[in-house]
1. I'd like the distance separating the alpha-carbon centroids of region 60-109 and region 128-159, in whole Å.
2. Taking only protein heavy atoms and a 1.4 Å probe, what accessible area per residue, in Å², does region 38-117 have with all protein chains in place?
3. Tabulate in residue order the Karplus-calculated ³J(HN,Hα) for region 153-159, using 6.51 cos²θ - 1.76 cosθ + 1.60 with θ = phi - 60°, rounded to whole Hz; enter x for Gly and Pro.
Amino acid sequence: MKKFALSVLMTAAIVSVGCGATRKVSSAVAPGPTITSATVQFVDRDHGKDANSAVDVWVVRSGSNEIAHLHSIGTKFDDHAAIAPMGVPMSGTFSRSDLNNAQLRVRPTPDGADDRSFEPRLTVTFSDNTSRTYSWPQVMLDKSHPEVTLAFSSAVQNP
């Protein structure tokens, strides 16, 4: 009986050593290319923005985690025209996959009681020398709707 109990115990020990559940296995998955830069451009659909007005642009993920932020004042937006792209400073290191649930938040601070009709275009460049441009046609803001949050999933993408 002692030999039987010892053989059962030894068998259990050998099986548990070979069982994958008792070994810690880890595998790192590369997050993919990182974001190296971002620019935003506004195509004005109506009357432009005065140079005394400001605009804030955030790229956020999961609702509030900031990927990038731009605060611009002193830039005039001409009527019915596109402005030159403005760099959006990054807030850390992020990968392309961080954009899967990202949003673009735009908040102008008008010098007066402006309303806005525009198309924001965000171009993101990655470490593998590729880029994507996201655009949201016909965004409208006024004093009762002073800010907009736009999902990347609803954007028109090139490429």
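1. 10 Å
2. 46 Å²
3. 5, 9, 7, 7, 10, 9, x
The values are calculated or read from the model by the stated rules, or taken from the named source; none is laboratory data. Predicted model only: the values in this text are computed from it and were never measured. Heads up: the accessible areas ignore ligands, DNA and RNA and are worked out on the full protein's heavy atoms, side chains in. Shrake-Rupley method; radii C 1.70, N 1.55, O 1.52, S 1.80 Å.
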